[in-house]
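Here is the structure we will look at, set down as structure tokens.
The values are calculated or read from the model by the stated rules, or taken from the named source; none is laboratory data. Source: prediction; values computed, not measured. Please note: Cβ atoms are built from the backbone with ideal geometry, for glycine as well, and neighbour counts cover all protein chains shown. Ligands, DNA and RNA are excluded from the accessible area calculation, which covers all protein heavy atoms including side chains. Shrake-Rupley method; radii C 1.70, N 1.55, O 1.52, S 1.80 Å.
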Amino acid sequence: MNQRLLIILLLVACIAIGTYLFSDWYSTRPLTEARNYVGRDSCIHCHQAQATLFHGSDHDLAMDLANDETVLADFNNQQLEHYGITSRMYRDGKKFMVQTDGADGKLADFEVKYVFGVRPLQQYMVEIERPADAKPNEIGRIQVLRNSWDTVAQKWFYLMPPDVDERLESTDPLHWTGITQNWNTSCAACHSTDLQKNFDVLARQYRTTFSEIDVSCEACHGPGSLHVKLANDRSVFWDRHHRFGLASLKSESNVPQIESCAPCHSRRTTVGENFRPGCSFDDYYATQLLTDPIYQADGQIRDEDYEYGSFIQSKMFHNGIRCTDCHDPHSTKVKFDNNSLCTSCHQHPAGKYDSPSHHHHEPGTPGASCVECHMPATTYMLVDARHDHSLRVPRPDLSVRWGTPNSCTGCHLEPQKLTANADRKPLTQYLDWIIAAETGDVEVVAELNRINLAMLAATEKWYPADRSSPRTPYYEQLVIGRAGVVESLPTLNELARDRKAPAIFRASALSILFEDAGSQSLETAVAALADPDAKVIAAALFRIDMEFSRIADRQQYGKSPSDSETQLARLTTAVAELLTHASRRVRIEAARVFVSLPPDVRVNQATPEQRRAFELALDEYKQSLYAENDRAGGHLMLGGIHELLGDPARAKDDYRAAVSVEPNLAGPRANLAALLESEALQIRSQLGQAQSSGGLEASQLRRSAEQIQRLGEQVERLRAEEHLLLAKDLERSAGLEQTHGLHYRFAMSSYVQRDLPATEKHLLEALRQQPGEPTYLLGLATYFIHIEKPEVALGYVQTLLKQDPQHPGYRALLEQINAQN
């Protein structure tokens, strides 16, 4: 009897415990539970080991208040002279002060409020403007000084922007008081946690906030409030829906972790606000593609790419390697400072890779280092060496064929073999040699060719089997494509369609095909709309958008080929289907293209559901542009949208906002002037109609005439200001390569200003830099027709007709020339 009772009691206990455990597991917090930032102090109690590693890391020291503990530089009345400006760094009691040229070009004293980083340099920040009613947690406009501290050499230096070797005027956007050195828009999001920029366009004021001043726990793991609640719940299990209540960075895929690092470790533009770890990177950012001057022709780093753009090219990325396989996530240091960093994974028999039989160099020398060979470094900001994370095999054969860099040559440069040349800029690193060769330094070109050939001979001797084995083709395909020759089009189409090639290569190939008028590139773009990667689809949409422009050109002249309507319908349907795509990036790019179509096409070629989807996607697109509301570019794009939607009043407000936030930027004034001119023409037309009908009073006539005059004066003033800004931009860009777009804009502005010699000069320079560009050829043809030189215009029109024989606009120009003759 007792035994039976005991069994019953055990069964009841088991059922009760099972019921409790099931109930505990089954119960969950609402899926809509808010996740807020709670700060590192909420993490440290349970994560002491991680907190210890984090303390003193680059993330921990990303930004701080300026005080005796955080400021590393010598402020003991130090001086730094640069292009005639002598800056003085000194103390005023507990304050750290810098006397230097301000926004008005005059010397003034500025208090350093914050510091940036610790190694290999530290930078200093000044709060230039602060709203009078700002709350204690709100920060006004902060500018980053160019006077910086080298923490290795222990000295002050002036941090010049790339490709600039002259004094920066105070009106230059690159000056330390300019927009490019503005912390709120250029730096803050990656140096602090939960940054909210909070820019007021009308007041032109920042009220920036953050939850923590540096890159803290929640910057990588996401807001921690739910995690803390779950940890404090008296529950046996973590929440079955929310799991740990943090971003899932240890999933089977390496993508979530890498994309949590990517916002701060990538060259990108913002397309959405409030990214949080665990979100899709492409929904919030547009990755910089492999274009000049950011990347070398084969995709190696040239300018800073901050790792992500390189790493997603690599085999490592595509084989599941994540950042934390090499870097400790909390100290940010690499796990090993020798070849063990690589051989801990590449554990081949008999030390296959970490031995002279593989690298053919003396152990302990740079040539025996995995990182030196497969991750060559380039120094930026004068002192900061960054490694290329594409982890590629050195290719001297491509260097010989195409002039692209390889790490072997970079290690074997011999500057002592060059003759002294006072005109030659110092060749302190491999990139300097490449730039010197590109600018025509014959001796540097010869020396690079000599070393490249020597490196090729060595690699062919050491790795003969590799010479006959298939090589990864897409590096070279990109080089061929970026060479810009007609013969490269099949190669680019092949690369864009190759799903085995990294997505960033496919997207980059499509971006080069952007202006190709051929049917093959169009079909490649249409096929790419089904690509699994948002970057590729976005690049394909640019090519399709260009096709829409060509169809519109033909329709404008009333000479549209019979199949244009069919093509228009097919492409419109393809774009409309993307308005409901799972990727936010794809939806907003589809909305960008769709809004540029004529209203009747948007209505007739889309279903009611697609038209509703367009309205939603268009709102997302506008929000993405407004995310950068302290920069002119977003307002310019918004103005263009409102023009397309037939709302010129809002468009004018957008262009005026663009002028307001960046007064020294060329572009917004030209758009605003065109709208005002159109408004004046409309009033003039209405006036003429009213006069002809005899229904206009003298007072109405006078008011209309005065309004037309005011608009004309505004247009003239805006265009004169625009012309001066373009002239300054040209002056600042003197000596730089690939400024053809700027020369073209200045030529058009000169034409409006009736300066015909300048128009011709800068149109020719634009074409010289970009031979075959249809826009420049068309500009020159039109210009020479205007000044009645049809024999000169004919050559440009014939070149255009070779590119697109059926283009009605080009054929109309030919008829005009024949009529002049």
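Observations
- The listed residues are S310, S340, S344, and the only one of them that is touching a Lys or Arg at 6+ places or on another chain (Cβ under 8 Å) and among the hydroxyl-bearing types (S, T, Y) turns out to be S344.
- Residue match in segment 437-453 (condition: in a loop (DSSP other than H, G, I, E, B) and small (G, A, S)): yes
- When T180 is tested against (1) in contact (Cβ under 8 Å) with a residue 40 or more places away in the chain; (2) open to solvent by 30 Å² or more (accessible area, probe 1.4 Å), just one condition goes unmet, and that condition is (1).
- Selected residue (criterion: farthest from the chain's Cα centre (by Cα)) from residues of segment 593-618 that are open to solvent by less than 60 Å² (accessible area, probe 1.4 Å) and within 20 Å of S280 (Cβ to Cβ): A613
- Of all residues in segment 540-555, those that are farther than 11 Å from L529 by Cα and among the acidic types (D, E) have Cβ atoms under 6 Å from Cβ atoms of residues that are open to solvent by less than 10 Å² (accessible area, probe 1.4 Å) and assigned to a helix (DSSP H, G or I), 6 or more apart or on another chain, in D545/V593; E547/L522; D553/G809.
- Screening A666, A690 for residues that are in contact with a Leu (Cβ under 7 Å, 6 or more places away or on another chain) and either among the polar types (S, T, N, Q) or not in a helix (DSSP H, G or I) (or both) leaves exactly one candidate, A666.
- Residue within segment 376-383 that is modelled with pLDDT of 95 or more and either buried (at least 19 other Cβ atoms within 10 Å of the Cβ) or more than 30 Å from N147 (Cα to Cα) (or both) present: yes
- Applying the criterion of being within 15 Å of A458 (Cβ to Cβ) and open to solvent by 80 Å² or more (accessible area, probe 1.4 Å) to the residues of segment 338-368, the residue that is modelled with the lowest pLDDT is S357.
- Number of residues in segment 56-77 that are open to solvent by 30 Å² or more (accessible area, probe 1.4 Å) and either of a type in the set (A, V, I, L, M) or out of contact with any Ser or Thr (no Cβ under 9 Å at 6 or more places or on another chain) (or both) equals 9.
- Condition check for S186: over 25 Å from the mean Cα position of the chain (by Cα) and open to solvent by 10 Å² or more (accessible area, probe 1.4 Å): no
- Matching residues in segment 478-521 - criterion: being basic (K, R) and crowded, with 20+ Cβ neighbours inside 10 Å: R482, R506
- When segment 400-419 is filtered for residues that are polar (S, T, N, Q), modelled with pLDDT of 95 or more and assigned to a helix (DSSP H, G or I), the ones remaining, listed by number, are S407, T409.
- Within segment 102-123, the set of residues being touching a Leu at 6+ places or on another chain (Cβ under 6 Å) and outside any strand (DSSP E or B) comprises just one member, V118.
- Candidates are the residues of segment 398-433 that are closer than 24 Å to V164 by Cα and either touching a residue at least 60 places away in the same chain (Cβ under 8 Å) or among the hydroxyl-bearing types (S, T, Y) (or both); the one that is surrounded by the most Cβ atoms within 10 Å (Cβ to Cβ) is P405.
- From the options R4, R35, residue that is open to solvent by 60 Å² or more (accessible area, probe 1.4 Å) and in contact with a Leu (Cβ under 9 Å, 6 or more places away or on another chain): R35
- Number of positions in segment 714-747 that are open to solvent by 70 Å² or more (accessible area, probe 1.4 Å), aliphatic (A, V, I, L, M) and outside any loop (DSSP other than H, G, I, E, B): 1
- Considering segment 165-183, and only residues there that are farther than 11 Å from I142 by Cα and hydroxyl-bearing (S, T, Y), the residue that is farthest from the chain's Cα centre (by Cα) turns out to be S170.
- In segment 758-815, residue nearest to the chain's Cα centre (by Cα) [restricted to those that are of a type in the set (S, T, N, Q) and open to solvent by less than 30 Å² (accessible area, probe 1.4 Å)]: Q769
- Identity of the residue in segment 49-86, touching a helix residue (DSSP H, G or I) at 6+ places or on another chain (Cβ under 6 Å) and assigned to a loop (DSSP other than H, G, I, E, B), that ends up farthest from P120 (Cα to Cα): D60
- Set side by side, the residues D163, D214, D172 differ, and just one is at positive phi, in a loop (DSSP other than H, G, I, E, B) and charged (D, E, K, R), which is D163.
- Filter result (more than 22 Å from D68 (Cβ to Cβ) and among the acidic types (D, E)) within segment 89-111: D101, D104
- Taken over segment 567-610, the criterion of being part of a loop (DSSP other than H, G, I, E, B), in contact (Cβ under 8 Å) with a residue 24 or more places away in the chain and not polar (S, T, N, Q) is satisfied by H581, L597, P598, A606.
- Residues of segment 726-772 that turn out to be acidic (D, E) and in contact (Cβ under 8 Å) with a residue 40 or more places away in the chain, as a count: 2
- Filtered residue count, segment 6-46, keeping only those that are in contact (Cβ under 8 Å) with a residue 24 or more places away in the chain and either assigned to a helix (DSSP H, G or I) or under 36 Å from the mean Cα position of the chain (by Cα) (or both): 15
- Total residues in segment 243-261, condition more than 17 Å from T332 (Cα to Cα), among the aliphatic types (A, V, I, L, M) and crowded, with 20+ Cβ neighbours inside 10 Å: 2
- Top-ranked residue of segment 619-629 - restricted to ones that are in contact (Cβ under 8 Å) with a residue 40 or more places away in the chain and open to solvent by less than 20 Å² (accessible area, probe 1.4 Å), ranked as farthest from A569 (Cα to Cα): N629
- Among the residues of segment 287-307, those that are of a type in the set (S, T, Y) and either touching a strand residue (DSSP E or B) at 6+ places or on another chain (Cβ under 7 Å) or free of Cβ contacts under 8 Å to residues at least 24 places away in the same chain (or both) comprise T287, Y295.
- Answer from Q610, Q623, Q682 - the residue that is closer than 24 Å to L597 by Cα, of a type in the set (S, T, N, Q) and touching a Leu at 6+ places or on another chain (Cβ under 7 Å): Q610
- From the list A590, A632, the lone residue that is among the small types (G, A, S), buried (at least 19 other Cβ atoms within 10 Å of the Cβ), within 25 Å of K197 (Cα to Cα) and modelled with pLDDT of 95 or more is A632.
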